[in-house]
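Below is one structure, written out as structure tokens, with a few remarks after it.
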Amino acid sequence: MTRRVLIYLDPEGEADSIQLLEAANRMYGATGYRSYGLRLAGTCPQAEGLLDVLLQVEDPRVRPYDAANLARCVEAAHRKHHFDAILIPATTFGRMIAPRAAMRLHVGLTADVADIHREKGRIELVRAAFGGRMRAVVAHRGRGPLMITVRKNTFTLDARIRRSTDIAPLVVDGITEPEVTLVERRPAEKAADIRESEVLVSGGGGIKEHFDQLEKLARALGGRVSASRRVVDAGLAPRRIQVGQSGKTVSPRLYIAVGISGSIQHVMGLKEVDTIIVANTDRNAPLCSLADMVVEGDGMEFVDRLTKRLLKGGKG
Amino acid sequence: MRIVCLAKLVPDVDNFQYDHERSALIRENVRLLLNPADATAVAIALKLKADSRAGSVHTVTLGPRSAMPHLEDLLRRGVDRATLISDPAYAGSDTHVTSHILAAFLSRCGFDVIFAGTHTLDGGTGHVGPQVAEILGIPHMAGISHMDPESLSEGRAQVRVESEEASYTFALQLPAVLGFAYAPEPKLPFIRYEALKRDLSGRVEVIDNQALGLAPEQVGVLGSLTRVRKIHVKGFRSPNTRFVRPDDEGIERVYRFLREKGFVR
Amino acid sequence: MDKDLLLKEVRALLGDAQVNTDPEALYDASADRYKKYAKARRVLDVPPPAAIVYPRSTEEVARLLSFCNEHGINVIPRAGKTSTEGGLENWKELTLVIDALHLDKILKIDEYNMQATVQAGVPLQKLEDALRERGYTTGHSPQSKPVAKFGGLVATRSIGQFSTLYGGIEDMVVGLECVFPNGQICRIKNVPRRSGGPDIRHIAIGNEGSLCYITEVTVKIYRYFPENNRFYGYLTKDLATGIQVLREVMVNGYRPSVARAYSEEDARQHFYHFHKGKCVLLFMAEGNRHIVDATCKGIEEAVAKFKDGILEQVSSELIENWFNHLNWSQQDIDDEFEGMKEKDSHDGFTTEVSADWETIPKLYDNVIRRIRSEFPRAHDLTLLGGHSSHSYINGTNMYFVYNYEINCAPEDEMRVYHHPIQRIIVEETLKLGGSMCHHHGIGKYRNEWTQQEHGSAYFMLKKLKEAFDPNGIMNFGAIFYQEEGAKFQK
Ligand SMILES: Cc1cc2nc3c(=O)[nH]c(=O)nc-3n(C[C@H](O)[C@H](O)[C@H](O)COP(=O)(O)OP(=O)(O)OC[C@H]3O[C@@H](n4cnc5c(N)ncnc54)[C@H](O)[C@@H]3O)c2cc1C
Ligand SMILES: Cc1cc2nc3c(=O)[nH]c(=O)nc-3n(C[C@H](O)[C@H](O)[C@H](O)COP(=O)(O)OP(=O)(O)OC[C@H]3O[C@@H](n4cnc5c(N)ncnc54)[C@H](O)[C@@H]3O)c2cc1C
């Protein structure tokens, strides 16, 4: 039986939306479903040739940030095509559209799905909860499509199968004049405050003489550098980038700690960090107990080599 | 201007106790705290009130009775009215049901604007704000980092939303649900010593399902459309910590890990 | 006498350079770590002293004291400023803080007779470093070692983290020199032991600046064998098990230098990386090789005896790593202060009590139960627990720790949070016959219970105050209850 999967194509996150094909692959196998994209006319050209069908909203009143109208579009698409699954990228706007659409369809919604398995023919959805400290397996009840949102970069679509794409207009009843209007849009500035950075490369006592060299690794990862107090005390970093009880509390998605032991006062500054990588000569350093990955050895060697590796790029 | 704030009490993530043998959360004695983003929303509301831009601030909480001391504190901080929606029948409600319960109350309590936090510390789905807005048929915006207080008096809200890609300014027609992102400022005002001594027992209005009249099969586990089947805990001696060395092989593994996690394209 | 006249007289007595009236320094001198949060937020309610003075000799101390005694001026002796119970807090309009800054010399290290003599303003770390170079140690290691100085350490009857082996400061002091308010200088000579009437060292030791000013101290020294250090750590089912094992080790006659049992929540703040939500029990054996071997055996036997309550052994490297990061530097103290300027929370308030073996577990349970059920702000507590860290043949201490979020105005923190909790701890302790003050001193906020603490023996304490400080100039409010100070306590 061929399944039908709808992917919402967010113009503010085109690439992330297309990656959701991989989530669909995990659900039904790469050839087990027909892929439908929902897009606003004139947006997301990259989807052409990758999805089977593009349902195109042509009503100019529907804007990419207008969740109320977009939820109506998702509903209309489903009423017409009866999807098995509806996948929405957890972008700023995807997160607002999905709950409203789920409400309209009276179906459950699992947010920020981090993993998908199939077990005995059933699809298991895994998501993080409690600030990443727990992973919950979520089951949906009732009929209706399996509806999820997925954070960017959760699934990577490696094999891009070329398809011939049918483009069909989607007619949606009940669209209203938007109640939300965009006044201004400015490209985001790189966060100056370590609290706002998604990636932090943090240095401590173990590598303090080389602290300035962390910048290049941070840059290669699009993040910022931060420090433990040991480095700040030594006058090698400013106080405003100190993480911890007497510094800042940070919640990056990725925290790379180089030469930091992980005293409780330091760790108190880490809240809801998704992924922690620790480079330390001592595998018993307390921080290693919180790490997803520990690089046991010299911190600067790790920094140099990883930076080079990142600059080289590729699949690995 | 009547502001209603959705305010949830969440378990303190840092002070979690976990029973490793039984793989279960220890729920007894779990400390509750006001969800940080909700606290930001209430703080903004109270600031509007202090600046005479809002007439009253009313918090609405769906949760257990143990939320009571926190809600009394909100009254002590200057909130005019606090409602606790609590009923054993609501236990196990997912976000879908939660939104229906809240909306059932909101549609009768009266408001000019609804404030909420964008995310909670526990579930963190961010569903409740938009779903409440959907049920009530009003606009919603999440991730608000700043709101222009002047705009409120004109029957609209002009807000700024910060995302990784861009900084947006939107205008929303009121009434609307405004979801604020957590910010260190403004903070909730201090509780004054005199206010601490004030006896507030009974001042928090408690509402149960009898008052809201939702059908039993619409609420709690029965009404929920999603259900958590299993929970795994990570961190605190997570058994799956991987150890590598900073040699070619180790670096390759780190690189692949970063790719898997999407930190590298 | 008014403030201006006082300053004039004191400047005449010591010279300008030894008198400090910098407003910032005076603000700092108006309170100690007891009110550190209010201090950081600049909402202290107590008056600043008139000046801080820095005598250069015992004779200058004597001159200052007799001057103050004559004119009824309050004196607060000061050393390393790590005081935690209000010992340095000022409750009087006319106060001189006499700081031991310049009494900073190590006078003698006598290796043959195993004793060292220092002036009151010598930081413990300074003597310890000098001794280590020669293969010795003081055996005294309070967490404040890098900062605390001998005058304060002796005046508070401090105790170190290796007390189970070396004892408290009272077991270390051989002799000392001190000055009384009338200017009388007394030197207590250094002898191994004597039976020459009551042991008058104890009039100075623990006086908290309320009887005399300590100027010089002689302490014992010990051979130092760091290469023999051995560490043990365990997770236990409950705190009571930990305490049982501690008792077993002690009553069998062993003296590990560190012997500690932590409650679950307290374990979390020290051992988050391995405690797994359980209680922690740990030991360190120290000293010469044979003794260490025997001590280790004793520890292993005691643990085996109570194996039902022991969940698992922890790698000794983890305990050693903890041990190597124990002490607080001045930077730590300053940082905590910095942090409090921004954060509305308090980490690390403590109340330390002691009682016999039988009583301690009961006392612990009673306290925790009462705080959880009676304390109106229990929902703001982020940590409530404690540990036993100093054991004796007949009992042990309990170091209650509590962290909380502060939701009231900074000036109200004490009366809203700390005081109600402290009151419960003190009341429960006294009710069961324990001591409300194991090692921080009574300070100024527990003085309302001093009489109850000592019972009929309070007579002796009161007579000491009347005899040595008849004009009541020494550290007003410390140890002894004062009606006039009550306004600051509430
Ligand atoms: C009240 C108070 C507040 C505090 N506030 C803060 C705070 O806000 N933030 C903070 O960070 N600290 C704070 N501290 C200090 C904290 O207790 C620690 O002292 C500090 O975090 C230690 O920093 P560190 O781990 O970088 O250094 P260290 O403790 O010196 O650890 C260095 C680590 O590097 C490893 N190492 C050594 N060589 C290498 C190498 N070549 N390559 C890789 N690894 C190596 C070592 O094994 C060790 O684990 C506070 C302390 C107190 C008491
Ligand atoms: C981080 C930290 C850890 C601590 N750990 C411990 C510990 O492990 N064990 C422990 O016992 N205590 C501990 N304390 C408490 C404190 O360090 C001790 O009470 C210490 O003995 C005080 O010494 P000080 O030199 O800092 O004295 P100060 O703080 O300057 O004074 C303490 C008291 O002694 C009086 N005094 C000072 N000098 C003299 C003098 N020359 N003559 C007469 N009276 C005098 C003062 O008036 C005051 O009442 C700790 C404190 C901190 C901040």
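For the stretch A:174-233, the share of alpha carbon pairs falling in successive 10 Å distance bins from zero is 20, 35, 17, 11, 11, 5, 1 percent. Calculate for chain C the 222 nm mean residue ellipticity that helices alone would give, adding -39,500 (n - 2.57) per DSSP H run of length 4 or more and normalising by residue count, nearest 500 deg cm²/dmol. About -10000 deg cm²/dmol. Computed over the alpha-carbon pairs of chain B, the distance histogram in 5 Å steps reads 1, 5, 11, 15, 17, 14, 12, 10, 6, 4, 3, 2, 1, 0 percent, short to long.
Normalised by residue count, chain C yields a Cα convex hull volume of 144 Å³ per residue.
So what is the calculated 222 nm ellipticity per residue for chain A, using -39500 (n - 2.57) for each DSSP H run with n of 4 or more, over all residues, to the nearest 500 deg cm²/dmol? Don't jump to the answer; show the numbers that get you there.
Details: 7 runs with 72 residues, N = 316.
It lands at -7000 deg cm²/dmol.
Rg/Rh for the stretch B:18-137 stands at 0.98; both radii use Cα atoms, and Rh follows the Kirkwood definition. The stretch C:341-469 has equivalent-ellipsoid semi-axes of 27, 19, 12 Å, by the square roots of 5 times the alpha carbon gyration tensor eigenvalues, sorted largest first.
Pair-distance distribution P(r) for the stretch C:226-324, from all Cα-Cα distances in 10 Å bins starting at 0: 18, 52, 28, 3 percent.
With r defined as the distance between the Cβ atoms of C:GLU24 and C:LYS487 and R0 fixed at 30 Å, what FRET efficiency is calculated, to the nearest 0.05?
So, using R0 = 30 Å, E works out to roughly 0.75.
Starting from the Cα of C:ASP293, move 7 Å in the Cα-to-Cβ direction to define the label point; list residues of the stretch C:223-253 whose amide nitrogen is under 18 Å from there. Only C:225-231 fall inside the zone, counting backbone N under 18 Å. Shown are C:HIS102, B:HIS58, C:HIS71, whose ranking by accessible area with a 1.4 Å probe and every protein chain present, most to least, is C:HIS71, C:HIS102, B:HIS58.
On the protein heavy atoms, probe 1.4 angstrom, tell me the percent of accessible surface of the protein assembly as shown carried by carbon and sulfur.
Working: 20640 of 42840 Å².
So the carbon and sulfur contribution to the accessible surface is 48 percent.
Counting Cβ atoms of other protein chains within 10 Å of each residue's Cβ and taking the mean over peptide C:96-109 gives 0.
I'd like the interface area for chains B and C: accessible area of each alone minus the complex, both sides summed, 1.4 Å probe, protein heavy atoms only. What is it in Å² to the nearest 100?
Values: alone 16180 and 20680 Å², together 34970 Å².
What B and C bury together is about 1900 Å².
Test of understanding: given chain B, find the longest segment containing no GluC sites (Glu not before Pro) that are in a DSSP loop and have at most 16 other Cβ atoms within 10 Å.
Working: sites that count: B:GLU21, B:GLU28, B:GLU154, B:GLU164, B:GLU165.
The longest such stretch corresponds to B:29-153.
Between rounded, prolate and oblate, where does the stretch B:104-179 land on the alpha carbon gyration tensor, with a ≥ b ≥ c its root eigenvalues, rounded for a/c under 1.5, else prolate if a/b exceeds b/c? It is oblate, given that a/c is not under 1.5 and a/b is not larger than b/c.
Relative contact order, whole percent, for chain C stands at 17, derived from Cα pairs under 8 Å and 6 or more residues apart. For the stretch C:226-324, the solvent-accessible area works out to 40 Å² per residue, with a probe of 1.4 Å and every protein chain left in place. Applying 1/(1 + (r/R0)^6) with R0 = 60 Å to the Cβ-Cβ distance of B:VAL30 and C:ALA12 gives a FRET efficiency near 0.40.
Averaged over residues, the count of other Cβ atoms within 10 Å places the peptides C:183-191, A:271-279 in the sequence A:271-279, C:183-191, highest first. Along its first, second and third principal axes, ordered by size, chain A spans 65, 49, 36 Å in Cα coordinates.
Considering all C-alpha pairs of the protein assembly as shown, those separated by over 56 Å amount to 23%.
Of all GluC sites (Glu not before Pro) in the stretch C:314-365, which ones are in loop regions per DSSP and have a Cβ with at most 14 other Cβ atoms within 10 Å? Numbers along the way, then the final one.
Numbers: sites: C:GLU317, C:GLU320, C:GLU336, C:GLU338, C:GLU342, C:GLU352, C:GLU358; in loops: C:GLU358.
Filter output for the stretch C:314-365: C:GLU358.
Given a cut-off of 19 Å, name the pairs among C:LYS431/C:LYS462; C:LYS81/C:LYS220; C:LYS3/C:LYS490; C:LYS3/C:LYS92 whose C-alpha atoms lie farther apart than that in the structure shown. Those over the limit are C:LYS431/C:LYS462; C:LYS81/C:LYS220; C:LYS3/C:LYS490. Normalising the Debye intensity of the stretch C:3-101 to I(0), with uniform scatterers on Cα atoms only, and taking log10 at q = 0.16, 0.17 Å⁻¹ returns -0.63, -0.71.
Average 1/r across all pairs of distinct alpha carbons in the stretch A:3-170, invert it, and you get the Kirkwood radius: 15.7 Å. For the stretch A:194-313, lysine pairs with C-alpha atoms less than 28 angstrom apart, excluding pairs fewer than eight positions apart on the same chain, total 10. Computed with a 1.4 angstrom probe on protein heavy atoms, the B-A interface buries about 7800 square angstrom of accessible area in total.
Rolling a 1.4 Å probe over the protein heavy atoms gives the stretch C:14-102 an accessible area of 32 Å² per residue.
The residues of chain A expose, per residue, 39 Å² of accessible area to a 1.4 Å probe. Shown for the stretch A:186-207: residues covered by the partner protein chains by 40 Å² or more of accessible area relative to the chain by itself (probe radius 1.4 Å), namely A:ARG186, A:ALA188. Evaluate the Kirkwood expression for the hydrodynamic radius of the stretch A:42-140, namely the inverse of the mean inverse distance over all pairs of different C-alpha atoms, and round to one decimal in Å. Hydrodynamic radius (Kirkwood, Cα pairs) of the stretch A:42-140 is 15.3 Å. Scanning residues 5 or more positions from C:ALA51 or on other chains, those with amide H under 5 Å from its amide H are C:THR95, C:VAL97, with H placed 1.01 Å from N in the peptide plane.
With contacts taken as Cα pairs under 8 Å and at least 6 residues apart, the stretch B:42-171 reaches a relative contact order of 17 percent.
Over chain A, what relative contact order in percent results from Cα pairs under 8 Å that are six or more residues apart? Spell out each step's value before the answer.
Details: 654 pairs, mean separation 44.7, N = 316.
So the answer I get is 14 percent.
The stretch C:76-115: which trypsin sites (Lys or Arg not before Pro) are DSSP loop and have at most 13 other beta-carbon atoms within 10 angstrom?
Values: sites: C:ARG78, C:LYS81, C:LYS92, C:LYS105, C:LYS108; in loops: C:LYS81, C:LYS92, C:LYS105.
Hits after loop and neighbour filter: C:LYS105.
Taking chain C, the Cys residues with no second Cys beta-carbon under 4.7 angstrom are C:CYS68, C:CYS186, C:CYS279, C:CYS296, C:CYS408, C:CYS437.
The values are calculated or read from the model by the stated rules, or taken from the named source; none is laboratory data. Because the structure is a prediction, the values reported are computed rather than measured. Counting neighbours? That spans all protein chains shown, and the Cβs are built from the backbone with ideal geometry, glycine included. The protein model used for the area step is the full one, side chains on, heavy atoms only, and it has no ligands, DNA or RNA in it. Shrake-Rupley method; radii C 1.70, N 1.55, O 1.52, S 1.80 Å.
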